[in-house]
Amino acid sequence: MKTLRHFPYNKVLVLGLAKSGEAAAQLLYDSGIPFLINDQQAFDQNEKAQYFSSLGVETVTGHHPLEVLEGVDLVVKNPGIPHHHNIIQEAEKLNIPVVTEVELAYELIDGPLIAITGTNGKTTTTTLIYELLKEAGQEPLLAGNIGQVASEVVRKQKDQQPVVMELSSFQLKAIRNFKPDVSVLLNITEAHLDYHKSREDYISSKLNIIKRQTKEDLVVYNGNDSTVSDSLEDCVVQKMAFTINHFSYEGVSFDGQSIYFNNDWVIDREDVVLPGMHNLENVLASVAVAKHFGVQDEVIQTVLARFIGVKHRLQFVENKNGRLFYNDSKATNILATTKALQSFNNPVVLVIGGLDRGNDFDELFQQFSYVRSCVAYGEARGKIKQAAERQQFDQLYVVDNLEQATRKAYEQSEKGDIVLLSPACASWDQFKSFEDRGDMFIEVVHKL
């Protein structure tokens, strides 16, 4: 297993012992680099802190005293800890660099690094790129925000294996030297404003993925997204666009029937099994990366003919008495839910709700041309109800939790309908993660 060598820091603070913090701490320990841990959970309930304490690592738990910064010259924080946290604010005053564990992972990577970000579609695109390179025999590694901690995965890298890494704005906001060989910018829309506090900060964080790229590197980007394309005008990095609204002699494009790379046909849309126009953008981005790495058309065609997507992303669950149930729990913002709705032509009974992040849901209700009825639950249900009233949508039902919402949606559906969980909200009001939320939905559906 790889360890950090020539690491330029003498003492590190690991702030937060979630999955990435635990991996960072283990890497630092194995590398013989002095560090301490600060975690909010009390020590007697904190198995991870107890483990590292048993190894002789200094642990401070239950609170976040500023004293933990004494003698520290690097902070590795959990991505979910906001930058207005008191420890982060003090570190910045003291000019102590603050990074996430992907920065440690970058120190270990020896081989091509492909990094993917965007407001929506990251996991699907990351997984599809991985599958394309794998089918081509390039033995890629899959890492990052997709659920596999980067600094764990890359410790096993060998023989110039490509690393395919999904990155969130939380991770990208706190990078320092991180630079991918190939970056993928899928789209940028307004999201996570409770964390970033402004649209400008969110966009800036996303664009950090290209900030250190050079003319030797490549960015694959959405030519239909003006926020993305306008941000690349002055960049020296090589550019490859993908576009779904017209044929292009350069990059990857879709003419309404087929996908092309430059001037060459690759595959017909009808042979791609992944549904939805938003997923078509993910496919085009993945094809662009695959072609950059020399993947043959026959391999691309094989993978696209079988790739049905990722769990919790428009995942088909079950046909229950003629109703088709889909789990799109990963749709944590309004745009993602809008795109999910655009994937179906049949009437939809929609389940939405979750954490109230200050969103205005009027825009979502304006996209309800195929929605028969809607069931709202969770913390945001009041705001959703207000938006429905403003938009004069009278087929809204309000319940407390997801189980009630799923059962109510089934009651309101008819044979031939789509029953879709696509919450347009984060999960943290009632669940630990969107995965837990999706699993609950699947469990309830199977019991109907």
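Details
- Any hit, the range 299-307, residues being in a strand (DSSP E or B) and farther than 17 Å from Asn120 by Cα: no
This table checks each residue for (1) open to solvent by less than 10 Å² (accessible area, probe 1.4 Å); (2) closer than 19 Å to Leu396 by Cα; (3) in contact (Cβ under 8 Å) with a residue 12 or more places away in the chain; (4) not in a helix (DSSP H, G or I).
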residue: Leu324; (1), (2), (3), (4): no, no, yes, yes
residue: Asn346; (1), (2), (3), (4): no, yes, yes, yes
residue: Val351; (1), (2), (3), (4): yes, yes, yes, yes
residue: Asn359; (1), (2), (3), (4): no, yes, yes, yes
residue: Glu363; (1), (2), (3), (4): no, yes, yes, no
residue: Ser369; (1), (2), (3), (4): no, yes, no, yes
residue: Arg372; (1), (2), (3), (4): no, yes, yes, yes
residue: Ala376; (1), (2), (3), (4): yes, yes, yes, yes
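The rows are residues; the columns are (1) surrounded by fewer than 17 Cβ atoms within 10 Å (Cβ to Cβ); (2) in a helix (DSSP H, G or I); (3) out of contact with any helix residue (DSSP H, G or I) (no Cβ under 7 Å at 6 or more places or on another chain); (4) in contact (Cβ under 8 Å) with a residue 40 or more places away in the chain.
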{"residue": "Lys383", "(1), (2), (3), (4)": "no, yes, yes, no"}
{"residue": "Glu389", "(1), (2), (3), (4)": "yes, yes, yes, no"}
{"residue": "Gln392", "(1), (2), (3), (4)": "yes, no, yes, no"}
{"residue": "Thr406", "(1), (2), (3), (4)": "no, yes, no, yes"}
{"residue": "Ala409", "(1), (2), (3), (4)": "no, yes, yes, yes"}
{"residue": "Lys415", "(1), (2), (3), (4)": "yes, no, yes, yes"}
{"residue": "Ala424", "(1), (2), (3), (4)": "no, no, no, yes"}
{"residue": "Gly438", "(1), (2), (3), (4)": "no, yes, yes, yes"}
{"residue": "Phe441", "(1), (2), (3), (4)": "no, yes, no, yes"}
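Each row is one residue, and each column tells you yes or no for (1) open to solvent by 40 Å² or more (accessible area, probe 1.4 Å); (2) modelled with pLDDT under 90; (3) within 30 Å of Ser427 (Cβ to Cβ); (4) not small (Gly, Ala, Ser).
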| residue | (1), (2), (3), (4) |
| --- | --- |
| Tyr249 | yes, no, no, yes |
| Phe254 | no, no, no, yes |
| Ile267 | no, no, no, yes |
| Val273 | yes, yes, yes, yes |
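- Test: residue in the range 144-165 that is acidic (Asp, Glu), more than 20 Å from Leu4 (Cα to Cα) and not in a helix (DSSP H, G or I): no
- For the range 28-76, the tally of residues that are part of a helix (DSSP H, G or I), farther than 24 Å from Glu92 by Cβ and touching a residue at least 12 places away in the same chain (Cβ under 8 Å) stands at 6.
- For Gln238: the one exception among (1) crowded, with 16+ Cβ neighbours inside 10 Å; (2) among the polar types (S, T, N, Q); (3) more than 18 Å from the chain's Cα centre (by Cα): (1)
- Annotation note: Cβ proximity below 7 Å between a residue of the range 212-223 that is part of a strand (DSSP E or B) and a residue that is open to solvent by less than 10 Å² (accessible area, probe 1.4 Å) and of a type in the set (Phe, Trp, Tyr) (sequence gap 6+ or interchain) occurs for Val220/Phe242; Asn222/Phe242.
- Residues of the range 110-148 classified as modelled with pLDDT of 95 or more, aliphatic (A, V, I, L, M) and open to solvent by 10 Å² or more (accessible area, probe 1.4 Å), total: 3
- The residues of the range 9-27 that are part of a loop (DSSP other than H, G, I, E, B) and open to solvent by 70 Å² or more (accessible area, probe 1.4 Å) amount to a single one, Asn10.
- Test for Leu355: is it hydrophobic (A, V, I, L, M, F, W, C) and at pLDDT 95 or above: no
- Number of residues in the range 256-265 that are open to solvent by 50 Å² or more (accessible area, probe 1.4 Å), in a strand (DSSP E or B) and polar (S, T, N, Q): the value is 0.
The values are calculated or read from the model by the stated rules, or taken from the named source; none is laboratory data. Note that the structure is a prediction, hence the values are computed from the model and not measured. Glycine gets a Cβ as well: all are built from the backbone with ideal geometry, and neighbour counts include every protein chain shown. Each accessible area value is taken on the protein alone, full model and side chains, heavy atoms only, with ligands, DNA and RNA left out. Shrake-Rupley method; radii C 1.70, N 1.55, O 1.52, S 1.80 Å.
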